[in-house]
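Structure record follows, encoded as structure tokens.
The values are calculated or read from the model by the stated rules, or taken from the named source; none is laboratory data. This one's a predicted model, so the numbers in the text were calculated from it and none came from an experiment. All Cβ positions, glycine included, derive from the backbone under ideal geometry; neighbour counts span all protein chains shown. We work out accessible area using only protein heavy atoms, side chains counted, and drop any ligands, DNA or RNA first. Shrake-Rupley method; radii C 1.70, N 1.55, O 1.52, S 1.80 Å.
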Amino acid sequence: MSDSNDAFASLFETNYEREKPRRRGRGWIIAGSVIAILAILAWVAFYFTDSGLRGAAETVAAQQVQSRLPDGATGEVKVSIGGGSVITQYLSGSFDDVTVSIPALTAEGATSALELRAKGVATDITKPVDQLDGTVAFGPAALTTVAPYPGTTAVTLGDGTVSFAGTQAVAAGSIAYEVTATPSLSGQSIVMTPTAATVTSGASPEQQPAIVAQLMAQKPAVCLAKYVPKGTTLTGVTVTPQGLSLAFSGKNVTLSSQTFRSTATCTP
């Protein structure tokens, strides 16, 4: 009987000892689940706090840029702060990726679309950004105001070409002309190289060949550096039927008030 009781006690103890780790295991699972839920809740709270700060920071930045536009320039400014947590970026001393866009910037009678993308933007605005890239796009109407041909009244854009129509004074009087040209960069200016020219009125058939030859010989340049920030260089020009787009780039550009109030210049 004693052996029987011992066996029963042994069996009970064995089951009990096995049960205890199982209960402890459940406890760890429950505790782990609670910690996970708390972590998720903390992340959600942090996300919405960070999201709110991101929106506030973007609004303040847009207002600051707006107040620093060159004299006479107008347009709604939008700012987007990319990268990870705004709080983390701020504490690190710089923002990874900041985009400034002005969809309809009007300056000196021309309306364009401007977009800037800055990488490595220090929270100390006296320090330069690592890299600044951007584009400025002009529609046909805006190009009429900066056309290098005198008397331009209309501009038509094609794939890689710009066509100008207008009137011009010549020795025989005033003629109406059309010139199609291919744009290319030369420093901070765009040079128009004619590919075709016609005289539509104002000259006799005998006079037209000489006038067309004169138009084809011209390679007028227009300085567009005044439409890009100081410290940047034009890097490309693209023409589509919708618009002419200039690309520009700069390194170690300081985003101070002078950046937006000053523009690049062309070498005479």
Based on what the data block shows, is Val191 modelled with pLDDT of 90 or more and crowded, with 18+ Cβ neighbours inside 10 Å? no
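Suppose the filter is of a type outside the set (Phe, Trp, Tyr) and open to solvent by 40 Å² or more (accessible area, probe 1.4 Å); does Asp97 pass it?
Working: of a type outside the set (Phe, Trp, Tyr): yes; open to solvent by 40 Å² or more (accessible area, probe 1.4 Å): no.
For Asp97, the condition - of a type outside the set (Phe, Trp, Tyr) and open to solvent by 40 Å² or more (accessible area, probe 1.4 Å) - is not met.
Considering only the range 217-241, state which residues are of a type outside the set (Ser, Thr, Tyr) and either open to solvent by less than 40 Å² (accessible area, probe 1.4 Å) or in contact with a Leu (Cβ under 9 Å, 6 or more places away or on another chain) (or both). So that I can check it myself, show each step before the final result.
Restricting attention to the range 217-241, the residues satisfying the condition of being of a type outside the set (Ser, Thr, Tyr) are 217-226, 228-231, 234, 236-237, 239, 241.
Of everything in the range 217-241, those that are of a type outside the set (Ser, Thr, Tyr) and either open to solvent by less than 40 Å² (accessible area, probe 1.4 Å) or in contact with a Leu (Cβ under 9 Å, 6 or more places away or on another chain) (or both) turn out to be Pro220, Val222, Leu224, Ala225, Val228, Pro229, Gly231, Leu234, Gly236, Val237, Val239, Pro241.
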Can you tell me which of Ala147, Ala142, Ala176, Ala137 is small (Gly, Ala, Ser) and under 21 Å from Ser204 (Cα atoms)? Ala176
Would you check if there is a residue in the range 244-259 being in a strand (DSSP E or B), modelled with pLDDT under 90 and either aromatic (Phe, Trp, Tyr) or surrounded by fewer than 18 Cβ atoms within 10 Å (Cβ to Cβ) (or both)? yes
So Ser262 ticks every box in (1) open to solvent by 30 Å² or more (accessible area, probe 1.4 Å); (2) modelled with pLDDT under 90 but one. Which box is left unticked? (1)
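Confirm whether Ala203 is open to solvent by 40 Å² or more (accessible area, probe 1.4 Å), at pLDDT below 90 and in contact with a Gly (Cβ under 9 Å, 6 or more places away or on another chain).
Taking the combined requirement at face value, the residue does not satisfy it.
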Criterion (outside any helix (DSSP H, G or I) and touching a Leu at 6+ places or on another chain (Cβ under 7 Å)) met by exactly one of Pro194, Pro148: Pro194
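In the range 151-170, which residues are assigned to a loop (DSSP other than H, G, I, E, B) and either among the hydroxyl-bearing types (Ser, Thr, Tyr) or open to solvent by less than 20 Å² (accessible area, probe 1.4 Å) (or both)? Before the answer, list the steps.
Initial filter on the range 151-170 (assigned to a loop (DSSP other than H, G, I, E, B)): 151, 158-161.
Scanning the range 151-170 gives Gly158, Thr161.
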Can you tell me which of (1) among the polar types (S, T, N, Q); (2) touching a residue at least 24 places away in the same chain (Cβ under 8 Å); (3) open to solvent by 40 Å² or more (accessible area, probe 1.4 Å); (4) farther than 30 Å from Gly202 by Cα is the one Gln131 doesn't meet? (3)
